[in-house]
Amino acid sequence: MNHTPQILLVEDNPNDAELTIRALKKNNFSQALTHVKDGQEALDFLFGVGAYAERDIKEQPKVVLLDLKLPKVHGIEVLRQIRANPDTKLLPVVVLTSSREDSDLVNAYNLGVNSYIVKPVDYEKFTEAVTQLGIYWTLLNEIPLEK
């Protein structure tokens, strides 16, 4: 049985994390999800260090849902490190944030983010956005087998 998550959720806000997980669970994506609560934990997971030293880093998620305003390591720095590493540089990353700052948007795209989505405030719209993300990135998107 493959325990590789299809979705890595990097979200420090417990309410936003719960809403995202609930939306994914409603559409049967939650069993393929790993949730980490800060930027350092995301990097540890992706690069197989610290608490994740035993994880096989050849088995990466299909998509990273990345918040920007994270404790320990900011989301932009997480994205920078993902793109700088040959093992993760092609990993799809979707910024899912409440930040509407132009500088965040520009920095994220300059670093090669695949998509930038501002979290809808309305619960139904948020649920629909997360559902569409799950469907697109785990079922429809094609990723290269070789990096």
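So here's what we get for this one:
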| read-out | value |
| --- | --- |
| Sequence-distant lysines (8 or more away, or on other chains) whose Cα lies within less than 27 Å of LYS69 | LYS25, LYS26, LYS37, LYS89, LYS119, LYS125 |
| Span from the region 46-89 Cα centroid across to the region 98-147 one, whole angstrom | 16 Å |
| Sites ASN15 and ARG100, calculated FRET efficiency, Cβ-Cβ separation with R0 25 Å, nearest 0.05 | 0.85 |
| Label-to-label distance, nm, for residues given as ASP56 and TYR123 (7 Å Cα→Cβ offset) | 4.0 nm |
| Neighbour-count order for LEU43, LEU90, fewest beta carbons within 10 angstrom listed first | LEU90, LEU43 |
| VAL49 versus ASN110: modelled label distance in nm, points set 7 Å from Cα along the beta carbon direction | 2.5 nm |
| Residues THR88, THR20, sorted so that the one with the fewest Cβ neighbours within 10 Å comes first | THR88, THR20 |
| Relative exposure of SER103, SER115, SER98, judged by other C-beta atoms within 10 Å (fewest first) | SER103, SER98, SER115 |
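Taken together, the values in this text are just the output of simple stated rules run on the coordinates, not laboratory data. Predicted, not measured: the structure shown is a model, and the values here were computed from it. Note that each Cβ is placed from the backbone with ideal geometry, even for glycine, and that neighbours are counted across all protein chains shown.
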